[in-house]
Amino acid sequence: MIAPIHNMLALNPAALPALRIAATFFFIIYLLFGAYIFRNRHRFFDRDPNVDNDIPAVRRVRIEVVTIPWLVLTTLILFLLISFWLA
């Protein structure tokens, strides 16, 4: 039989509120990091004069390599956080 998620995350139900708040706090930090990357995307992903063959297609792939995993992880963490709050 599969144990409920709150039993896996905290054996003591009194610890659940603190864990929920901590998880939410770190999720907000994670989102702020994503906002920082988005605001400075030109500095990180624009043309680099020191790189040979730095064409727009390569720059687009660079953005996708960072953005797609970040969006997948954000969705996963959000679903886990919602299930954690509902537990």
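The values are calculated or read from the model by the stated rules, or taken from the named source; none is laboratory data. Small disclaimer: the values here were computed from a predicted structure and weren't measured. For neighbour counting, all protein chains shown are included, and Cβ atoms are generated from backbone atoms with ideal geometry for every residue, glycine included. What goes into the accessible areas is simple: the full protein's heavy atoms, side chains included, and nothing from ligands, DNA or RNA. Shrake-Rupley method; radii C 1.70, N 1.55, O 1.52, S 1.80 Å.
Things to note:
- Axis angle, to the nearest 10 degrees, between helix 16-39 and the longest C-alpha principal axis of the chain: 10 degrees.
- Accessible surface ranking that places the most exposed of 54, 46 first, with a 1.4 angstrom probe: 46, 54
- Charged-residue dipole, Cβ positions (Lys, Arg, Asp, Glu), the chain about Cα centre, Debye nearest 20: 180
- Over the C-alpha atoms of the chain, the Rg to Rh ratio, Rh being the Kirkwood estimate, stands at 1.20.
- Each stretch of four or more DSSP H residues adds -39500 (n - 2.57); spread over every residue of the chain, this sum gives -25000 deg cm²/dmol at 222 nm.
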